[in-house]
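Participant: Before we start, here is the structure in question, set down as structure tokens.
The values are calculated or read from the model by the stated rules, or taken from the named source; none is laboratory data. Because the structure is predicted, anything quoted here is derived from the model rather than measured. As a convention, Cβ positions derive from the backbone with ideal geometry for all residues, glycine included, and neighbour counts pool all protein chains shown. Remember, those area values only see protein heavy atoms, side chains included, never the ligands or the DNA or RNA. Shrake-Rupley method; radii C 1.70, N 1.55, O 1.52, S 1.80 Å.
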Amino acid sequence: MDHYFSICSAEMYYEKYMAFLLENYDQLRMPYSFPVALSFLASPVLMEGKAFLCFNDDDEVIGAFSYIYGTGENQYEDKHIVQIQVIYFLEQYRSSRLFLHALQYVTEYIAYMEEDVKEFRFWTSSDDSLRKLFAKIADRVASVETENGPLDEYRASFRAWQSYAARFQHEPFF
């Protein structure tokens with residue numbers, strides 16, 4: 001395997017997570033002002049959430065992804081909803097295989113931790129290629145125009161993500 005994942009469980013890993021995302025901030029193309037984008041990136045560190053790093057065989061960070069529990073409109077009490085805050089892999093490592101491994105890792109992690117997650121939500125820039133990709137794993141439920149560009153909201157059930165990821169699974173992570 002040319003990559004592996006690690007859960008950010010110590011300050012050193014959270015520092016790597018934030019440093020990696022800030023070093024690659026321009027490539028994230030987040031349709032928010034910098035303060036709002038920074039709050040999304042840092043929220044798993046500051047709130048109840050999880051952050052993950054992806055490393056190559058040389059132990060270099062090549063990707064990061066994270067989520068939080070709950071939604072702002074419900075004061076984060078609806079912990080059965082996971083909001084994906086960021087998913088980013090360096091361009092030279094991007095592939096369907098890596099994306100699927102990340103999806104498998106997250107769904108297996110949540111199942112292993114016996115979290116009561118029912119739904120995933122995430123937002124992304126409106127883009128035809130992203131819409132085609134995300135249509136495979138989620139339903140686009142809204143499109144809004146923001147001062148920083150158009151934004152699509154996606155939702156998917158946890159069971160649907162588990163089923164989708166399991167179709168490509170060869171061996172469990174946990």
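Residues checked against (1) assigned to a helix (DSSP H, G or I); (2) over 15 Å from the mean Cα position of the chain (by Cα):
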| position | (1), (2) |
| --- | --- |
| L22 | yes, yes |
| A42 | yes, no |
| V45 | yes, no |
| A51 | no, no |
| D59 | no, yes |
| R97 | yes, yes |
| H101 | yes, no |
| Y105 | yes, no |
| A111 | yes, yes |
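Participant: Right, here's the next one. For segment 114-151, what are the residues that are of a type in the set (A, V, I, L, M) and part of a strand (DSSP E or B)?
Facilitator: V141, A142, V144, L151
Participant: Restricting the search to segment 100-112, which residues are surrounded by fewer than 16 Cβ atoms within 10 Å (Cβ to Cβ) and either of a type outside the set (G, A, S) or in contact with a His (Cβ under 8 Å, 6 or more places away or on another chain) (or both)? Write out each step before concluding.
Facilitator: The first filter runs over segment 100-112 and keeps only residues surrounded by fewer than 16 Cβ atoms within 10 Å (Cβ to Cβ), leaving 111-112.
Listed by number, the list holds a single entry, Y112.
Participant: Could you grab me the full set of residues in segment 24-35 that are open to solvent by 60 Å² or more (accessible area, probe 1.4 Å) and in a helix (DSSP H, G or I)? Steps first, please.
Facilitator: Looking only at segment 24-35, we keep the residues that are open to solvent by 60 Å² or more (accessible area, probe 1.4 Å), and these are 26-27, 29, 34-35.
Scanning segment 24-35 gives D26, Q27, F34, P35.
Participant: Still on this structure, I have one more. On the given criteria, is W123 more than 24 Å from D2 (Cβ to Cβ), touching a residue at least 24 places away in the same chain (Cβ under 8 Å) and surrounded by 17 or more Cβ atoms within 10 Å (Cβ to Cβ)?
Facilitator: Values: more than 24 Å from D2 (Cβ to Cβ): yes; touching a residue at least 24 places away in the same chain (Cβ under 8 Å): yes; surrounded by 17 or more Cβ atoms within 10 Å (Cβ to Cβ): yes.
Yes.
Participant: Still on this structure, I have one more. Give the residues of segment 61-95 that are in contact (Cβ under 8 Å) with a residue 40 or more places away in the chain, open to solvent by 40 Å² or more (accessible area, probe 1.4 Å) and in a strand (DSSP E or B), sorted by residue number.
Facilitator: none
Participant: Inspect segment 152-172 for any residue being open to solvent by 40 Å² or more (accessible area, probe 1.4 Å), assigned to a strand (DSSP E or B) and touching a residue at least 12 places away in the same chain (Cβ under 8 Å) and give the result as yes or no.
Facilitator: yes
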